[in-house]
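Enquirer: Okay, handing you the structure first.
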Amino acid sequence: MLQQMLKRAVLPALLVLTQFRAQATEGMWLPHLLSNMNEKEMKGMGMKISAADIYNVNKGSLKDAIVSLGGFCTGELISSQSLLLTNHHCGYAAIQSHSSVQNNYLDNGFWARTQAEELPNKGLFVTFIVKIEDVTLQALQGVSRSTTEKDRVRIIEENLTKIKTNAKKESYQDALIKPFYEGNQYYLFVTETYRDVRLVGAPPSSIGKFGSDTDNWMWPRHTGDFSLFRIYAGKDGRPAEYSPENVPLKPKHFLPVSLDGIAENDFTMVFGFPGRTQEYLPSEAVKLTVEGQDVAKVSMRDAALKIIDGFMRQDEKIKIQYAAKYASTANARKKWIGEMQGVQQTKGIEKRVAYEAEYTKRLNGNASLQAKYNGVLDSLNALYRDFGPYAINRDYYNELIRNVELLSLSDKIVTMLYDVREKGEAAYPELRDKLLAAQESFYKDFSPKVDHDVAAALLDLYFTNVPSRYIGGEATQIWMETNKSGKQAADKYYSNSALLSYDKLKAFLNKPYRDVATAIFSDPVTRMGIALRNGYVEHVNNPAAGMQNDINRLQRVYMQAQMEVLDNRRFYPDANSTLRITYGKVNGYKPADAKTYDYYTTLDGVMEKYKPGDYEFDVPEKLRSLYAAKDYGQYGVNGKMPVCFIASNHTTGGNSGSPALDAYGNLVGLNFDRTWEGTMSDINYDASICRNIMVDIRYVLFIIDKYAGAKRLVDEMKLVHPKKAAVKAAPAKRA
Ligand code: ARG
Ligand code: GLU
């Protein structure tokens, strides 16, 4: 195998060249390590501030203006009154929760006219990073390469508890430790979390979600994907639960907003909380992801989405019920398709093989490293090959359960019953009531008609694509009872199940525990659900668990090996929902032969896409008239209104709502998406086609000021002209 790899390593010089070029903007870097690792390069690319202006524990710095929003998005402070900017799609649930038929803020937008009108959001929180410290030595104390995985987990767990207990922090702060570089390093984060976060403003969906699923992940893009919140604190400035007495938090730093816009090749950086990447996988794992797992997941979602879409187009009620579910199912599906295509187009697997050949050559040239890491990469690749069928069949199973809603519900009920079995019968009433309370809202957006058809199609796909040895005898038997027909199975399940309505479910679960535990095996839906789950656990999950353990261990060792063997390269840790900075340049790209994409869009493009009455491409009347009058105020340029732009910043899910900053640390844009060709950047970044998509901040200001008339919010901000100032300052310096 090694031999074969070396042979395939003779790749055209061009490949190696693009790979080298790709490195300039690749990476999600730790803010407290910039001065050593990145500052010089950042300045070389045009940055005018220093690493200490970005991260500083002794005084306010850029990092103090950035928050993790609810753990799933990023937000940034843009005024001394803690006005918080994030995406419309990040604020979506909050906006939706305040909406009713009379006051549909999703459709019409929402603008608080005073602070008193700003709306509290139960459960929404923001987290600041106070400081970051390397605690690797303490975390790994007592573990060595011969420690078993089980012992390792236990020892580290104990170490981390100790570190957290001893961490120096204020009583209102928290300590959190996360592994980096696949568990080779550990960092401590002291954080501050505020739980009174109020909705301040949101454009209508026809601006904030313009283009919806059709344009999602795509460039050219014309979405004003932003919303505004405000962080409130107790009168003492400390975190406090919601209270009408709370006051806007006085931030340590907030971002000045640039009115000068961006130009091609401008330096930009994106500061935020990227969720998860896997950049250091061996070639077999990249192959498994795009040739196996993505294919499986996409096939299941394609089938489900086609059916749901058919119903949504015919039935207004179903359209509303399934809008959010459809969007999230479609969002990941489209990303995976982009990922498969992108890896193929950029020869991602071949490049990974070439990389491994270089690694192996260097390893073999160093006797002591060779002794330490010999065979690690080969074993890891071999393991991934064995693991492949399990990973793919795990995805099929998860997609089946996820997309057939009655099976998801069945799974929750069964989990609850297993829980009771463990805790004892006395726990039943409480656990049952919790489940019932959590599921009541499920039925509001559930249509048995739709789910019936989805189940029929996905059961057919599942039993056709997953070999029976991964399904097991029990489920296969039940499948045969309906003649291996998804339609017959669905007819049976959906005509006579206790799960079909909330009242039926309640009546069913309100029987004594023992009766429920017996009856659960005769309900047609839970009967199939239990059989599928048992088969999955026995034939996929359990046999794969050991392999997964080995993979984790080898992936960790391989990470360390790469860092030691390829010691001329800089390595950034995979994203893990911690604060990172990524930087790049404003730039268009060539997605395919003869196609080139410009780096920015304007309101002209919104009007080109405008389809009156369409649920994705309608344009509000007010915006059309502002366009007709070219009434862009101070936000337009030469009679045009900029809308979105792209750059080579390396971002991922979780970076939604992250600020795009100029060379001085001023806000120039708001990150919300990536281009389709580049969604593979989670496993295979390539600067030639990976671009992040941002709303131009001038469009945000224009919508707030000119469209919504919420000038009070713009007045709170600090608007700056960095480019004009630089031009003015230049001659003075020479004199
Ligand atoms: N693709 C972006 C992300 O991954 C935006 C998703 C929200 N927009 C949508 N049309 N579903 O979150
Ligand atoms: N829309 C994504 C999010 O919500 C960001 C786009 C990406 O995945 O890069 O985090």
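Enquirer: Taking the criterion of being more than 16 Å from ligand 2 (Cβ to nearest atom), modelled with pLDDT under 95, under 22 Å from N87 (Cα atoms) and assigned to a helix (DSSP H, G or I), would at least one residue in the stretch 307-318 satisfy it?
Expert: no
Enquirer: In addition: Quick one: V286 ticks every box in (1) crowded, with 21+ Cβ neighbours inside 10 Å; (2) β-branched (V, I, T); (3) assigned to a helix (DSSP H, G or I); (4) touching an Asp or Glu at 6+ places or on another chain (Cβ under 9 Å) bar one, so which box is it?
Expert: It fails just one condition, (4).
Enquirer: Can you tell me which residue among N166, N121, N108, N87 is within 30 Å of F210 (Cβ to Cβ), open to solvent by 70 Å² or more (accessible area, probe 1.4 Å) and polar (S, T, N, Q)?
Expert: From the options N166, N121, N108, N87, the qualifying one is N108.
Enquirer: Limited to the stretch 494-541, what total is found for residues that are open to solvent by 40 Å² or more (accessible area, probe 1.4 Å) and among the aliphatic types (A, V, I, L, M)?
Expert: Qualifying residue count for the region: 2.
Enquirer: While we're looking at this one, here's another question. Any residue in the stretch 323-339 that is over 16 Å from Y92 (Cβ atoms) and open to solvent by 20 Å² or more (accessible area, probe 1.4 Å) sitting within a Cβ distance under 9 Å of a residue that is within 8 Å of ligand 1 (Cβ to nearest atom) and among the basic types (K, R)? List the pairs, counting only those 6 or more apart or interchain.
Expert: From residues that are over 16 Å from Y92 (Cβ atoms) and open to solvent by 20 Å² or more (accessible area, probe 1.4 Å), the pairs are K335/R674.
Enquirer: While we're looking at this one, here's another question. Just the residues that are farther than 18 Å from S68 by Cβ, open to solvent by 40 Å² or more (accessible area, probe 1.4 Å) and either in a strand (DSSP E or B) or in contact (Cβ under 8 Å) with a residue 60 or more places away in the chain (or both), please, taken from the stretch 228-262.
Expert: Those that are farther than 18 Å from S68 by Cβ, open to solvent by 40 Å² or more (accessible area, probe 1.4 Å) and either in a strand (DSSP E or B) or in contact (Cβ under 8 Å) with a residue 60 or more places away in the chain (or both): R238, Y242, V247, K250.
Enquirer: List every residue pair whose Cβ atoms lie under 6 Å apart, where the two residues are 6 or more positions apart in sequence or sit on different chains, the first residue falls within the stretch 669-692 and is closer than 16 Å to P220 by Cβ, and the second residue, located anywhere, is among the hydrophobic types (A, V, I, L, M, F, W, C) and within 11 Å of ligand 2 (Cβ to nearest atom).
Expert: G669/M694; D673/I693; W676/W217; G678/C690
Enquirer: Going through K484, K506 one at a time, which residue ends up being within 30 Å of I307 (Cα to Cα), outside any loop (DSSP other than H, G, I, E, B) and at pLDDT 95 or above?
Expert: K506
Enquirer: Separate question: Mind telling me which of the residues V343, V376 ends up being in contact (Cβ under 8 Å) with a residue 60 or more places away in the chain and over 21 Å from the mean Cα position of the chain (by Cα)?
Expert: Only one candidate passes the filter, namely V376.
Enquirer: Only one of Q321, Q278 is outside any strand (DSSP E or B) and under 22 Å from Y397 (Cβ atoms); which?
Expert: Q278
Enquirer: Could you run through the stretch 637-660 and say how many residues are touching a residue at least 40 places away in the same chain (Cβ under 8 Å), farther than 13 Å from L579 by Cα and outside any loop (DSSP other than H, G, I, E, B)?
Expert: Residues in the stretch 637-660 being touching a residue at least 40 places away in the same chain (Cβ under 8 Å), farther than 13 Å from L579 by Cα and outside any loop (DSSP other than H, G, I, E, B): 8 in total.
Enquirer: Restricting attention to the stretch 347-361, does a residue exist that is surrounded by 14 or more Cβ atoms within 10 Å (Cβ to Cβ), within 29 Å of F672 (Cα to Cα) and within 16 Å of ligand 1 (Cβ to nearest atom)?
Expert: no
Enquirer: So, restricting to helices (runs of 4 or more DSSP H) that lie completely within the stretch 16-113, which ones have at least 3 residues that are under 23 Å from the mean Cα position of the chain (by Cα)?
Expert: 88-97
Enquirer: Looking at L400, is it surrounded by 15 or more Cβ atoms within 10 Å (Cβ to Cβ), assigned to a helix (DSSP H, G or I) and under 24 Å from the mean Cα position of the chain (by Cα)?
Expert: The answer is yes for L400.
Enquirer: Continuing with this model, one more query. Taking the stretch 641-651 as the search range and keeping residues that are of a type outside the set (A, V, I, L, M) and under 11 Å from V270 (Cα atoms), which one is nearest to ligand 1 (Cβ to nearest atom)?
Expert: Selected residue: T651.
Enquirer: Suppose the filter is among the hydroxyl-bearing types (S, T, Y) and either buried (at least 16 other Cβ atoms within 10 Å of the Cβ) or touching a residue at least 60 places away in the same chain (Cβ under 8 Å) (or both); does S299 pass it?
Expert: So S299 passes the test.
Enquirer: Against the definition (within 16 Å of ligand 2 (Cβ to nearest atom), within 25 Å of the chain's Cα centre (by Cα) and either of a type outside the set (S, T, N, Q) or surrounded by 20 or more Cβ atoms within 10 Å (Cβ to Cβ) (or both)), how does A391 come out, yes or no?
Expert: Criteria not met by A391.
Enquirer: Any residue in the stretch 209-216 that is within 16 Å of ligand 1 (Cβ to nearest atom), small (G, A, S) and in contact with an Asp or Glu (Cβ under 7 Å, 6 or more places away or on another chain)?
Expert: Within the stretch 209-216, one or more residues are within 16 Å of ligand 1 (Cβ to nearest atom), small (G, A, S) and in contact with an Asp or Glu (Cβ under 7 Å, 6 or more places away or on another chain).
Enquirer: Right, next: Kindly provide the set of residues from the stretch 125-142 that are of a type outside the set (V, I, T) and either on the phi > 0 side of the Ramachandran plot or buried (at least 20 other Cβ atoms within 10 Å of the Cβ) (or both), ordered by number.
Expert: F128, A139, G142
Enquirer: Could you list, in sequence order, the residues of the stretch 213-240 that are more than 13 Å from ligand 2 (Cβ to nearest atom) and modelled with pLDDT under 95?
Expert: Result: T214, single match.
Enquirer: Tell me which residues, restricted to the stretch 676-723, are farther than 30 Å from W336 by Cβ and aromatic (F, W, Y).
Expert: Selection gives F702, Y707.
Enquirer: Name the pairs whose Cβ atoms lie under 6 Å apart, with the first residue in the stretch 450-473 and closer than 17 Å to S408 by Cβ and assigned to a helix (DSSP H, G or I), the second basic (K, R) and modelled with pLDDT of 95 or more, and 6 or more positions between them or separate chains?
Expert: Listed pairs, sorted by first residue: A456/K487.
Enquirer: Also: So which of T223, T268 is of a type outside the set (G, A, S), outside any helix (DSSP H, G or I), within 14 Å of ligand 1 (Cβ to nearest atom) and open to solvent by less than 10 Å² (accessible area, probe 1.4 Å)?
Expert: T223
Enquirer: Continuing with this model, one more query. Give A726, A663 a once-over and let me know the one that is among the hydrophobic types (A, V, I, L, M, F, W, C) and part of a loop (DSSP other than H, G, I, E, B).
Expert: A663
Enquirer: I would also like to ask the following. When only residues in the stretch 35-65 that are surrounded by fewer than 21 Cβ atoms within 10 Å (Cβ to Cβ) and of a type in the set (A, V, I, L, M) count, which is nearest to Y181 (Cα to Cα)?
Expert: M37
Enquirer: In addition: Would you point out which residue out of G657, G665 is open to solvent by less than 10 Å² (accessible area, probe 1.4 Å), under 23 Å from C90 (Cβ atoms) and within 15 Å of ligand 1 (Cβ to nearest atom)?
Expert: Going through G657, G665 in turn, the sole match is G657.
Enquirer: Taking D686 as meeting all but one of (1) over 26 Å from E39 (Cβ atoms); (2) within 16 Å of ligand 2 (Cβ to nearest atom), write down the number of the exception.
Expert: Exception for D686: condition (1).
Enquirer: Can we say Y600 is open to solvent by 10 Å² or more (accessible area, probe 1.4 Å), away from ligand 1 (no atom under 16 Å from the Cβ) and within 22 Å of the chain's Cα centre (by Cα)?
Expert: No, not satisfied.
Enquirer: Identify, please: which residue in the stretch 668-683 is within 16 Å of A332 (Cβ to Cβ) and of a type in the set (A, V, I, L, M) and is, among those, farthest from ligand 1 (Cβ to nearest atom)?
Expert: I683
The values are calculated or read from the model by the stated rules, or taken from the named source; none is laboratory data. Computed from a predicted structure; not experimentally measured. Cβ atoms come from the backbone with ideal geometry, glycine included; neighbour counts cover every protein chain shown. Keep in mind that these areas ignore ligands, DNA and RNA; they rest on the heavy atoms of the full protein, side chains included. Shrake-Rupley method; radii C 1.70, N 1.55, O 1.52, S 1.80 Å.
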